[in-house]
Structure formats: structure tokens, C-alpha cells
Amino acid sequence: MKFAGIDYGLARTGLAVSDPEGKLAFPLTTLRLDDFPARRDLLNALAQRLRAEGVQAVVMGLPLFSDGTESLTTRQVRNVTERLKRRIPLPFYFMPEELSSEEAWADLRAVGMPLHKRRAVLDQQAAVRILASFLALDQHDWSRA
């Protein structure tokens, strides 16, 4: 099964996809809210990209505090997930994304990527981290959105 991973943010949204067998995660793109007239246009573009990639399920990064409680950003991700579900009828899952951006930054630094390039692909790499973490779980641990 082919999955997409999404690291949703207020300014940028990173997107990753898996291989058709759902074993490996790869960076795909970063969508910037500034490139769209309104948030609904961003969501439409995201839904279109997911359809074009032929994904069969979507994993949304869920930002939680270290004690597991939710923040305003968590509620925004849940809201965006509901809006995306209305655009594309696929299974959606949540994956806690604690430290995904920090780990993504370290991944990019470790491979020697220059600072200016790291900033450009950070959100994609965070989406890779979210998706890879989800794919590593036993299927029984998947929580549907």
C-alpha cells in the first residue's frame, strides 16, 4: 500500500510518499501557504498532489506536547485533516511528530547539506520522519484519524 506523510505547518507543509509496498519513505515536495491565495487553495493543491501520486492512505503528523497533551497547532492539524478527508476519500492516520523537525534537521546536516538547502527541504524531511515512523509500527498500532 502506498502512503503519503504530511508535516502540516502554518507557513509550510512537507509531503513525503512511500514506495508502493509501504516500506520506505521518500521526500516529495514542500507547499508554502504564501504560494496560494487562501488555505483552501493549499488544501486543494495538496489533495490534487496526493491523487496524482496514487497514494492509498495518508499519515498526518500530530504535534503534541511532551506530556501527550494537545496544543492549538494540534487542533489545527485535526481541522485540516477533516477538510482533506472531504476532498479525498482515503484512510487517514495520525502519527505523533515529537521532534520530527529537529531530527530532520540533524539528518540533513549529517549528510552534509548546506544550510540554505536544509531550510528548503526541512519540511519534506520532517514528513519523511513522520511517515517512516508510522511505517515501522505494527499495523495494529495504527490509529485512524
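A few notes on this one:
- Of the GluC sites (Glu not before Pro) found in segment 1-92, the ones in coil according to DSSP and having at most 13 other Cβ atoms within 10 Å of their Cβ are Glu21.
- Close amide-amide hydrogen proximity is noted between Glu97 and Leu62, Leu64, each under 5 Å apart and 5 or more residues distant or on a separate chain (H modeled in the peptide plane; Pro and chain starts excluded).
- Each of Phe134, Phe26, Phe65 has some number of other Cβ atoms within 10 Å of its Cβ, and from fewest to most they run Phe65, Phe26, Phe134.
- Between Gln56 and Arg78, the FRET efficiency from the beta-carbon distance, with R0 = 22 Å, is close to 0.55.
- Potential extension, Asp41-Thr69 segment - 0.36 nm per residue separation minus Cα distance: 7.1 nm
- Net length gained if the chain between Arg49 and Glu21 were fully extended (0.36 nm per residue, minus Cα distance): 8.2 nm
- Here the residues Lys85, Lys23, ranked from fewest to most Cβ neighbours within 10 Å of their Cβ, fall in the order Lys23, Lys85.
- Extended-chain gain in nm, criterion 0.36 nm per residue less alpha-carbon gap, Arg87 and Leu10: 25.8 nm
Read-outs: derived from the displayed coordinates by stated rules, not from any lab. Predicted model only: the values in this text are computed from it and were never measured. Cβ coordinates were reconstructed from backbone atoms using ideal geometry, including for glycine residues, and neighbour counts include every protein chain displayed.
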